[in-house]
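Coordinate-derived values only; no laboratory data. This structure is a prediction, so every number in the text was calculated from the model and none was measured. So basically every Cβ, Gly included, is an ideal-geometry build from the backbone, and we count neighbours across all protein chains shown.
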Amino acid sequence: MLDNNLKYAREDLEMTQEELGYVFGVKKATISNWENGYDIIPLNKLIKFCNLYDYSLDFIVGFTRENKIYPKLDKIDKVKIGKKLKDLRKNLGLTQQEIANECSISRATYCHYELGMNLVSTLTLYTICKNHKISMDSFLRQQKK
């Protein structure tokens, strides 16, 4: 399960759940569900939060206790992220099925991530990064042509 510091960050910013919900275009209940682990914040919204309020992804998802500031992510490109996932998987010497099993998703779903048909889910990226001791910030900020 995602160890999330979203509530800590929101409170540190002195924002209410309603105010943060307004920023994301969601209801207070959705923010509450993200903060309490009943639902997982979508990757695009997580990145938006980190960009707007100068938090690192690694801090928000609980990979580190220190908030290291990284350059903002300009655009979420699901095709480039898919290529990075494929390169990482190959560098790890794993099959799509093995990664899919690690993440408790189907091989077809993982294949769609690699092909850039869908943006990788927050939980899938979190699981891959956690299992292989990779920074989410570093992974998403790697330049891939």
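Within a straight-line Cα-Cα reach of under 23 Å, Lys78 can be paired with the following lysines, leaving aside sequence neighbours fewer than 8 residues apart in one chain: Lys45, Lys48, Lys86, Lys90, Lys130, Lys133, Lys144, Lys145.
What is the calculated FRET efficiency for Glu11 to Leu73, with r their C-beta to C-beta distance and R₀ = 35 Å, to the nearest 0.05?
It comes to 0.90.
Taking all C-alpha pairs of the chain, those more than 29 Å from each other amount to 15 percent.
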